[in-house]
Amino acid sequence: MMISRQLAGFSGAKADDLRKAIGKKNREAMAKLKPEFVAGCRASGTSESVIDWIWTTNEKSADYSFNKSHAACYALISYRTAWLRANYPAQYMAALISSVMDTKDKVPFFVAQAEQMGIQILPPDVNLSDHRFVVVDGNIRFGLDAVKGVGYQAVEAIKAARADGPFIDIFDFCERVDSRAVNKKAIEALIKCGAFGTTGATRMGMLAVLEQAQAAGQKAQQDAQIGQGSIFDLGLDLGGDGAAASAGRPSHAPIPTGEFDQGELLAMEKESVGLYISAHPLKAVGAALAVRTDVNLGALGERRDGERVTLGGMIGQLRRLRTKKGDPMVFATLEDLHGSVELVIFADALEEAGEAVQQDALVIVKGKVDHKDAARTCVVVSSVERFEPTDSELLAAEREASAPAAPEPLQIRLNADLVASGLIEDLREILTAYPGDAEVVLALEGSSGIRRLRLGNGYRVMRTAGLHAELAQQLGAALLPATPGNAAAAA
């Protein structure tokens, strides 16, 4: 832009027009600006060769270019975020999930990623949660802002009220929290997602008495505003034993103890926060489902437009309609542990699928990726069939779910011709300073081939940025760059 203004005499607005044309690769807009650019440069005394060189550079930039300062910034951000993820995974994932709370469909994907990293997602809690996702003892507590229908002001009101102590039950909550900030819809969502778990009451019981609790709470708040007190506020010992004084407020009717079944509880969690928290219908069969598919829904956006894929999951929302020709078709949502995607099922595939296309059905879907725009991907379905895992698949899935995930081995590639005699002793000092569970494999590469040496259990490490930095510094030129897949091959 500075060149355009100083050499070609462009105004700031016109220089920005040229910048946009180059950035958008808009050759037509650039062509319209070229005569004025050339004329302006000639008027400023710029030589023809320089004018040609500058404009050729502009055209090359429109093919592909990236500002060096931007590249440096992105590289620095990438390094910092990679370091945070490696050294503070729970804090990193909590911040990442908090950053996408306004985009509800992204929360399930990153929650699933956190769980795969061994980080437990704790349910929202009116006594413990904050606005955003926060780290608690290495796990992540769900943020109240992520609960549907609960806004910023409602969370502020909840935090202000609980400053005087934790909420005992739903009646206590309704009495102490400003009813103007937290309405019935918000309280229902909090109950349904399990945010009153620390009170010990059941969700069914709390929903049954919610109207009664709200009415009592609103009356108590109105009385407080006009200075109307209760005899219980006087602290009188009417019974002679101090019972009334210690009570502090009149008792309420008991909260029923009945509870919804597991399926209903999970459905309420999905409704209120957009994902399952306490459990997931697919967790028991997730490993078996993965064997039958070639991509999870969280990674579907990376597939090419028009690419054929095999997916698996549970049908969520489902809408049946007819085309202009009168043929039946279905729009449905397919969900797995990593995300969701819209399915478009036309008449032929719908007829062949039969009863498989039902809400809450576990299915295997084959179809073609359709990137409608940058923010939306769907799958045009060619076939749908019920997913019915065999007993052996379920057993294998159960074993995989219960088995602790083995960390990827650390493979150290070395140029055998440059290895010093004291290598093992140097490595011992470094590796023993980073104890962990990852196996270490040495790959000595020379003219005679590659020799791999597995180090014993006493050399197992925790893979951190600090370890890699020390290895690079100590081993110097003998250390060869890592190659994708070597660690897996060594395992």
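The values are calculated or read from the model by the stated rules, or taken from the named source; none is laboratory data. The structure presented is a predicted model; accordingly, all values stated were derived computationally and were not measured. Note: ideal-geometry Cβ built from the backbone for every residue, glycine included; neighbour counts use all protein chains shown. Side chains are part of the model used for accessible areas, which takes the heavy atoms of the whole protein and leaves out ligands, DNA and RNA. Shrake-Rupley method; radii C 1.70, N 1.55, O 1.52, S 1.80 Å.
Remarks
- Considering only ILE315, SER11, LEU362, the residue lying farthest towards the positive end of the dipole of the chain is SER11, judged by Cα position with unit charges set on Cβ.
- Positive-pole candidate from PRO123, GLY143, GLY45, dipole of the range 30-171, charges at beta carbon: GLY45
- Value at 222 nm in deg cm²/dmol, rounded to 500, when DSSP H runs of n ≥ 4 in the chain each add -39,500 (n - 2.57): -13000 deg cm²/dmol
- 0 to 90° range, to nearest 10: angle between helix 68-87 axis and the chain longest Cα axis: 50
- Dipole in debye (nearest 20) - the chain, about Cα centre, beta carbon charges: Lys, Arg +1; Asp, Glu -1: 2040
- Here the Karplus curve 6.51 cos²θ - 1.76 cosθ + 1.60, taken at θ = phi - 60°, turns the phi angles of the range 313-330 into couplings of x, 10, 6, x, 5, 9, 10, 9, 7, 10, 6, 4, 7, x, 7, x, 8, 9 Hz, with x standing for Gly and Pro.
- About the centre of its Cα atoms, the range 1-115 shows a dipole size close to 80 debye [charges on the beta carbon of Lys, Arg (+1) and Asp, Glu (-1) only; nearest 20 debye].
- Relative contact order %, the chain, counting alpha carbon pairs below 8 Å whose residues are six or more apart: 8
- Measuring nothing but how far apart in sequence close Cα pairs (under 8 Å, 6+ apart) lie, relative to its length, the range 1-126 scores a relative contact order of 17 percent.
- Rounded FRET efficiency, nearest 0.05, which uses the C-beta distance separating GLU352 from ARG162 and R0 of 45 Å: 0.20
- Descending semi-axes in Å of the range 130-226, equivalent ellipsoid built from Cα gyration tensor: 22, 15, 12
- Debye log10 I(q)/I(0) for the chain, one point scatterer per Cα, at q = 0.06, 0.07, 0.09, 0.10 Å⁻¹: -0.50, -0.66, -0.96, -1.06
- Which listed pairs, of LYS68/LYS106; LYS185/LYS270; LYS24/LYS106; LYS148/LYS368; LYS325/LYS368, have C-alpha distances above 25 Å, in listed order: LYS68/LYS106; LYS24/LYS106; LYS148/LYS368
- Solvent exposure ordering (accessible area, 1.4 Å, most first) of LEU362, LEU76, LEU18: LEU76, LEU362, LEU18
- Nearest 10 degrees, 0 to 90: helix 465-475 Cα axis against the chain principal axis: 30
- For the range 416-484, size of Cβ-based charge dipole, Lys and Arg +1, Asp and Glu -1, in debye: 220
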